[in-house]
Structure formats: structure tokens, C-alpha cells
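The values are calculated or read from the model by the stated rules, or taken from the named source; none is laboratory data. All of these numbers come straight from a predicted model, not from anything done at the bench. Here the Cβ positions follow ideal geometry from the backbone for every residue, glycine too, while neighbour counts run over all protein chains shown.
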Amino acid sequence: MNLTGLGATRVFQCAYFPPLFPSLTLMYHFHPIPLSLHLVSCFHSLFLLLYLPSYTLGFSLGVCLGVSLGISLGVSLGVCLGFSLGVCLGVSLGISLCCLSWFLSTSLSFHTDINECLMSTHTCQMNERCVNTAGSFVCQITCFLGYQINNDVCEDVDECFQGTHNCGPGFECVNSEGSFRCNAKPRCSMGFTQDTHGNCIDIDECGVVGQPCSPGFNCINTVGSYSCQRKIIMCSRGYHASPDGARCIDVDECQSALHRCGEGQICHNLPGSYRCDCQTGYQYDMFRKTCVDVNECWRYPGRLCAQTCENTPGSYQCSCTAGFSLSRDGKNCEDVNECLTNPCSQECANIYGSYQCYCRQGSYLREDGHTCEDIDECAQSIGHLCSFKCVNVPGSYQCACPEYGYTMSPNGRSCRDIDECTIGAHNCSLAETCYNIQGGFRCLSFNCPQNYRKSSDMRCERQSCPNLLDCQNSPLRITYYHLSFQTNIVIPAQIFRIGPSPAYSGDNVIISITQGNLENYFSTRKLNAYTGAVYMHRQVREPRDFLIDVEMKLWRQGTFTTFLARIYVFITTNSL
């Protein structure tokens with residue numbers, strides 16, 4: 001029996017074949033008896049079936065010989081009898097069928113399926129549900145109430161988390177394996193509350209923000225309640241009790257004329273007391289017992305006025321130096337904007353207390369401090385203002401680019417390469433491919449040699465070979481590449497990598513340059529067993545074009561296969 005696992009499905013297979021010798025005849029009492037010999041494969045076993053038709057002997061006889069031996073009889077109705085592993089059936093048409101133990105033949109032309117699920121002949125487990133199919137059955141995993149399937153495993157459903165429980169108000173849902181339970185929430189008496197563990201604890205009514213007792217009473221907490229006791233208040237000097245006796249309030253000596261301030265002094269009430277102060281700009285003289293003028297400019301140097309301070313009786317006055325004017329607050333000084341009178345030939349910058357003449361970009365200030373003169377930036381610049389060419393103009397300069405192949409960048413200094421291939425400014429024919437390089441373009445023609453066909457725009461595949469030797473020597477595939485580098489490239493530089501894709505264990509490659517390297521600018525290097533690289537190891541001083549052929553011989557499973565990479569290498573000038 002062959003069982004193939006597909007999830008929870010069991011699949012049963014059996015194969016049978018036409019007669020081996022359809023014209024075989026046996027003589028019995030001078031009567032010819034036709035025989036047929038069949039090859040039958042059941043349960044991964046081979047059987048030879050010798051079949052005698054029923055119309056000759058009155059019954060069907062089938063003998064199965066193979067790894068296991070079985071003999072089965074089939075009456076004219078075609079009912080199959082046999083061992084549990086399978087029986088053989090022959091019909092009058094001479095076709096051998098393989099009947100399985102779970103099939104019964106009701107006629108000569110078809111079989112009727114047995115419902116193994118109803119007959120309880122299936123092999124499903126306790127947690128599986130039997131589903132009948134044609135000629136077989138399927139075992140599907142099922143879960144009990146309170147569980148759900150996840151990756152062929154029954155997992156518990158958390159009804160409390162999903163909110164599918166039916167616990168009412170006053171009850172708490174507690175999940176359990178395959179179910180849940182509703183626990184009644186405990187209730188506390190008045191004056192108590194539940195803590196995080198569900199225990200009833202006393203409420204401190206006196207500790208809440210809103211005091212439960214009236215003003216003048218103290219709150220005393222008790223277990224489950226509280227009590228209010230009247231306060232007994234004694235006020236210190238400068239305070240007296242409030243009308244309700246709940247607190248002490250300040251006595252305003254200044255308002256009630258209880259102070260002892262002298263003439264020219266001002267009374268200021270304080271919590272529990274008062275203070276006698278002199279008027280603004282005066283201070284009390286302990287010897288003369290009177291208020292005298294304060295020189296604020298000496299007492300607070302640099303703090304009252306922004307620039308110059310002059311003392312006055314009971315006050316002070318601020319003034320400003322040249323280039324400034326006194327602001328409306330009488331203390332700060334405001335700068336005078338001398339640039340409003342246009343003292344400079346180009347630009348004027350007002351500075352604190354003065355002004356400064358300066359020139360626009362491209363000009364410099366002469367010794368008189370007012371006149372500007374043009375600067376020749378192209379002649380005086382240290383370094384390169386422009387990447388290609390500098391042109392001086394009044395008050396500035398302009399950068400220029402070569403006439404062909406470049407355009408000015410947005411920064412106005414560097415030149416940007418024009419992609420003639422993208423904008424259609426090239427003169428390549430329809431049979432050629434335009435390839436942009438720094439400052440120009442190239443028209444490339446990719447043609448396939450004889451016995452090759454074009455499989456893509458850049459690839460040729462070999463079609464046929466006259467003989468085996470030509471196949472070994474000629475590349476299986478020719479692929480075109482084009483690379484562009486500038487003359488300032490750092491040497492040595494890896495410019496190309498080649499290898500099989502995909503690579504397999506045991507692969508080995510041999511990389512070599514077969515054409516285009518007469519001056520030895522390029523070399524190859526093997527990076528690993530199945531990857532090679534092409535390096536530029538000589539500096540190219542000026543723009544130049546190369547066409548090199550890089551050959552890769554791939555050793556795979558005892559055979560060499562050749563691949564060719566035809567590479568255009570363009571060396572251009574540095575970026576402008």
C-alpha cells in the first residue's frame with residue numbers, strides 16, 4: 001500500500017497494464033481456450049495475472065504471481081474476492097484491473113465507492129474527522145468546543161480576551177483550558193474600598209482633597225468613617241482670629257493707623273507686621289532720622305541707563321553718546337541709521353553707533369572707505385572658480401563650458417555632461433545603439449557572428465556546430481558590455497566581474513583576455529573557483545576607446561563550456 005501524506009489526506013494508488021500476449025491459446029480436450037497474460041502493479045508490487053475468461057469455463061479464474069501470491073475468482077457479475085492487500089479482476093474484454101480491498105465491483109464496467117466513514121473502516125484519530133472521497137477518505141483535524149486550529153494544532157480560545165463570554169455585570173471572566181468561568185466580584189461596605197488584590201481597606205476621608213469637615217474643625221479618621229472636632233486657635237502678635245475662629249488673619253497696621261512711620265515715609269503692611277519706607281529716590285538716614293536723596297547713578301552703576309546716567313533730586317536722567325538717540329523709555333539708547341543719507345557708493349551697513357560701506361560681490365572697497373571698484377575674479381582667484389573656463393564681467397564673472405557635449409550645471413560653475421542618447425541629439429543609425437560617455441557619445445553595432453543568433457539586444461547564442469571540436473572551441477554565448485571610466489580612475493581598478501549564474505558546487509572557471517589587450521592595460525584575476533575579474537592596472541592618461549574579448553571557460557561535470565564577454569571600455573576626461 002502506498003500512502004502519500006498531503007496535510008491530513010491519505011491517497012491510495014494502483015496501476016494496471018494491457019495484456020502482454022493477447023493471442024495466447026490453451027488446448028483443452030481439443031478445444032482452444034484463449035488465455036491472456038497481464039502485468040499488474042498494486043501496492044508497489046508487480047504481479048503476473050493469467051486470466052481465463054468466464055465464457056470458456058463458466059467462471060473467471062485469475063492467478064496473480066509476483067512478490068506476493070494471490071489467487072482470486074471473479075463470477076460473471078465481476079465481484080472481486082481476494083486478500084486484504086488487493087485482488088485481481090479480469091473482464092471479457094481482456095483488460096486486467098487491480099481491485100483494492102476497499103472497492104467492490106458491482107458490474108463489469110465500473111466500481112462503486114465504499115464509504116469508509118460510515119462503515120468505520122477508516123484510520124482517523126480521535127481528534128480527526130473522517131471525510132469520504134471517491135475511492136478513499138480524508139482525515140481532517142477537528143477541535144473540541146473552546147479550541148481552535150492553529151498550524152494543525154488545537155489551541156485554547158481565550159473567551160475573556162476576545163469578549164465572547166456571557167459574564168454579566170458584577171462578575172469577572174476568568175479563562176480556563178477549553179472554557180471560562182464567571183467569578184462574582186466582592187463588594188465592600190461603606191467607608192471601605194478594594195485594593196489591587198481585591199481586599200477591602202479603610203477609606204481615609206480626611207486625606208482626600210475636599211475636606212469633609214467645616215472650617216474651624218479638624219478631621220479625625222476612624223475605621224470605616226471619620227469625626228470632626230472644633231479647633232482651638234491662638235494667634236500671635238500682628239494677627240487676630242477670623243470671625244469663625246477657624247484661622248488667624250493678618251492685622252493691617254497701615255490701614256488701621258497703628259504704625260509709627262514719620263513724615264515723608266510710606267507705610268507698607270507685612271504679614272504679622274509693617275515696614276516704613278522712604279519715597280522712591282530717597283533713603284532713611286539713621287543719624288538725621290529723615291529721608292535723603294539717593295544717587296541712583298552711583299548706587300546702580302551701568303544698570304539704570306544704557307549709556308550715560310545723570311543724578312537728579314529723587315530720581316535720575318539718562319543721555320546717549322554720538323551716534324545714538326534716547327528712546328521713548330528714557331533709559332535705552334537707539335542707534336542712529338546713518339545709511340539713510342547714502343554716504344556709500346554701493347552698499348551701506350549701519351552698525352552700532354556708526355556705519356560701514358561695503359561693495360557688492362565682484363567689487364572691492366577703496367582706501368577712502370566709500371568707493372567700490374570691480375575685481376577681476378578670473379585673474380585673482382586662487383584655485384578654480386570654474387570647472388572649464390572663467391570669463392570676467394563687470395562686478396562678477398561667468399563660467400563657460402565646451403561647445404559640444406556639455407551644459408552648465410545649476411550652480412553656474414561646473415559643466416554637466418549632455419546625454420545625447422536620451423535627448424536624441426546623436427546621429428546613430430537604426431542598426432546602431434547609442435551609448436553616452438563623458439562629453440560625447442558612441443554609436444555601437446552589436447552583430448552576431450556566423451552560426452549565432454541574437455537572443456537579446458546584447459547577447460548572441462550559438463545555433464549549431466559542424467563538429468564536436470568546433471563546439472568545444474567556439475563560445476556557447478557571446479555577450480556585449482560597455483563600460484565608461486575617467487582618466488583619473490585609481491589604479492589598479494576592478495572594472496568587470498564574470499562567472500556562471502547560477503553557480504554549482506564543483507564549478508571551476510578559467511578567465512583570459514583573448515583580444516584587445518596588446519598594450520597590456522588590462523589583466524584578469526580569479527576571485528574564487530567560479531568567479532573571475534578584469535582589472536585595469538595601467539593608467540590611461542588621455543581619452544581612449546578599447547574593445548577587449550574576455551573568455552570564460554567553465555568546467556562543470558567533466559565538460560568545458562566557453563563563454564565570451566565582448567567589452568567596450570571608454571576612457572573619458574575627468575568631470576568638468
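Structural remarks
- Within the set G216, G210, the sole residue that is surrounded by 13 or more Cβ atoms within 10 Å (Cβ to Cβ), out of contact with any helix residue (DSSP H, G or I) (no Cβ under 9 Å at 6 or more places or on another chain), among the small types (G, A, S) and at pLDDT below 80 turns out to be G216.
Here is a yes/no grid of residues against (1) at pLDDT below 85; (2) within 30 Å of L145 (Cα to Cα):
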| site | (1), (2) |
| --- | --- |
| E159 | no, yes |
| A184 | yes, yes |
| G198 | yes, no |
| D204 | no, no |
| S227 | no, no |
| G238 | no, no |
| G262 | yes, no |
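- Of the residues making up region 150-202, those that are more than 30 Å from T222 (Cβ to Cβ) and among the hydrophobic types (A, V, I, L, M, F, W, C) are V153, C154, V157, C160, F161, C167, F171, C173, V174, F180, C182.
- Counting only strands (runs of 3 or more DSSP E) that sit completely within region 395-506, those holding 3 or more residues that are out of contact with any Phe, Trp or Tyr (no Cβ under 8 Å at 6 or more places or on another chain) correspond to 396-400, 452-456.
- Region 235-249, residues that are closer than 23 Å to H259 by Cα and either within 60 Å of the chain's Cα centre (by Cα) or assigned to a loop (DSSP other than H, G, I, E, B) (or both): C235, S236, R237, G238, S242
- Test set (1) charged (D, E, K, R); (2) under 20 Å from R462 (Cα atoms); (3) outside any strand (DSSP E or B) - D549 fails condition number: (3)
- Any pair with Cβ under 8 angstrom, 6 or more apart, that starts in region 338-357 at a residue that is on the phi > 0 side of the Ramachandran plot and ends at one that is surrounded by fewer than 15 Cβ atoms within 10 Å (Cβ to Cβ) and hydroxyl-bearing (S, T, Y): G353/T321
- In region 526-541, the residues that are farther than 15 Å from G516 by Cβ and aliphatic (A, V, I, L, M): L527, A529, A533
- Each residue in region 337-356 was checked for being part of a loop (DSSP other than H, G, I, E, B) and buried (at least 16 other Cβ atoms within 10 Å of the Cβ), and 2 of them qualify.
- Just one of the listed residues (N411, N427, N467) is under 30 Å from T573 (Cα atoms), over 39 Å from the mean Cα position of the chain (by Cα) and either exposed (fewer than 10 other Cβ atoms within 10 Å of the Cβ) or of a type in the set (A, V, I, L, M) (or both), and it is N427.
- Scanning region 293-336 for residues that are acidic (D, E) and assigned to a strand (DSSP E or B) turns up D293, E310, E334, D335.
- In region 422-433, the residues that are closer than 17 Å to M458 by Cβ and of a type in the set (G, A, S) form Cβ pairs under 7 Å with partners that are in a loop (DSSP other than H, G, I, E, B) and modelled with pLDDT under 90, at six or more places apart or across chains, as follows: A431/S445.
- Only a single item in (1) more than 30 Å from S214 (Cα to Cα); (2) in contact with an Asp or Glu (Cβ under 8 Å, 6 or more places away or on another chain); (3) not aliphatic (A, V, I, L, M) is not met by G272, and it is number (1).
- Of all residues making up region 513-552, the number that are of a type in the set (S, T, Y), surrounded by 13 or more Cβ atoms within 10 Å (Cβ to Cβ) and in contact with an Asp or Glu (Cβ under 8 Å, 6 or more places away or on another chain): 1
- Residue within region 191-212 that is of a type in the set (G, A, S), under 60 Å from the mean Cα position of the chain (by Cα) and over 30 Å from P243 (Cα atoms) present: yes
- In region 163-176, the residues that are at pLDDT 85 or above and surrounded by 10 or more Cβ atoms within 10 Å (Cβ to Cβ): T164, H165, C167, C173, V174, N175, S176
- Across region 366-382, not a single residue is classified as outside any strand (DSSP E or B) and either in contact with a helix residue (DSSP H, G or I) (Cβ under 6 Å, 6 or more places away or on another chain) or in contact (Cβ under 8 Å) with a residue 60 or more places away in the chain (or both).
- Scan of region 243-265 for residues that are surrounded by 14 or more Cβ atoms within 10 Å (Cβ to Cβ) and within 30 Å of Q317 (Cα to Cα), ordered by number: C261, Q265
- Cβ-Cβ distances below 8 Å connect the following pairs, each with a first residue in region 391-403 that is in contact (Cβ under 8 Å) with a residue 12 or more places away in the chain, a second residue that is of a type in the set (S, T, N, Q) and surrounded by fewer than 13 Cβ atoms within 10 Å (Cβ to Cβ), and a separation of six or more residues or different chains: G395/Q361; S396/Q361; C401/T407.
- Any strands (runs of 3 or more DSSP E) falling wholly within region 127-221 and containing at least 1 residues that are farther than 30 Å from E116 by Cβ: 153-156, 171-176, 179-184, 192-194, 200-202
- Residue in region 283-297 that is modelled with pLDDT of 90 or more and in contact with an Asp or Glu (Cβ under 9 Å, 6 or more places away or on another chain) present: yes
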